[in-house]
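The values are calculated or read from the model by the stated rules, or taken from the named source; none is laboratory data. If you're wondering where the values come from, they're calculated on a predicted model, not measured in any experiment. Neighbour counts are summed over all protein chains in view; Cβ atoms, including those assigned to glycine, are modelled from backbone coordinates with ideal geometry. Heads up: the accessible areas ignore ligands, DNA and RNA and are worked out on the full protein's heavy atoms, side chains in. Shrake-Rupley method; radii C 1.70, N 1.55, O 1.52, S 1.80 Å.
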Amino acid sequence: MINPTDIAQARAFARQDGTFLGLIWIASFLLNVNAAGNPIFGLLSNILTISTPFFVAFRLKSFRDYALEGKISFRRACFYCVDSFFYASLLTSVVQFLYFRFVDMTEFVALYTQASQLAIQLYNLPASEAKLLNESFSMMPPAGWASLFWITEIMIGIILSPIIAAVMKRDFAVKQK
């Protein structure tokens, strides 16, 4: 059974590590937005995105070994991971909203419109549906885009957390030399 002290401890570490993960996601987002001018930015953005589960597993291992003397249950590890993803997605969504609201939304919408052209060709959408899709991108407000990304990031965290927790759980303490 997890007691309130264990929850508070896991939450404190998750807030800190969620902030670090959020900074990684923010860097990935900014690189992705500027990827049209430089393909290296797109590559770096993808690398940062793919590194997400490995970073969370690394931070979970640090939490397990530093604070818990090498022993963590699946439930506590899963709670830590979900909480880390929540804080990261919250921070990232706030920055995305501010970016869309005050910096530049037209370049981002142009990027999505360009990507939608590929989907339109792939699915052979009629011209009326293609026009509706492109208009929906340009009419979505900054809060809509930020909430769309927030929900996506939360869902990614919910899917990845049990997997990371299962890999990183340890029911026995390892003696440090």
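Pop a pseudo-label 7 angstrom from the Cα along the beta-carbon direction at both ARG15 and THR49 and give the gap in nm to one decimal.
With each label point 7 Å from Cα toward Cβ, the separation is 3.0 nm.
Just how many pairs of Lys in the chain have C-alpha atoms closer than 27 Å, counting pairs that are eight or more places apart or on different chains?
Lysine pairs meeting the criterion: 8.
Calculate the spin-label point distance for ALA110 paired with MET155, positioning each point 7 Å from the Cα along the beta-carbon direction, and give it in nanometres.
About 2.9 nm separates the two model spin labels.
Towards the positive end of the charge dipole of the chain, with charges on Cβ (+1 Lys, Arg; -1 Asp, Glu), say which of ALA119, LEU90, VAL167 has the farthest Cα.
Of the listed residues, the answer is VAL167.
Order the peptides 12-24, 113-125, 158-170 from the highest to the lowest mean number of other Cβ atoms within 10 Å of their residues.
Packing order, densest peptide first, comes out as 12-24, 158-170, 113-125.
What does the accessible area per residue of region 90-177 come to in Å², with a 1.4 Å probe and no ligands, DNA or RNA counted?
Value for region 90-177: 68 Å² per residue.
Using a 1.4 Å probe on the protein chains only, how many percent of the accessible area of region 64-177 belongs to carbon and sulfur?
Reported share for carbon and sulfur atoms: 68 percent.
Summing -39500 (n - 2.57) over the DSSP H runs of n ≥ 4 in the chain and dividing by its residue number, what mean residue ellipticity at 222 nm do you reach, to the nearest 500 deg cm²/dmol?
Mean residue ellipticity at 222 nm (helix-derived): -27500 deg cm²/dmol.
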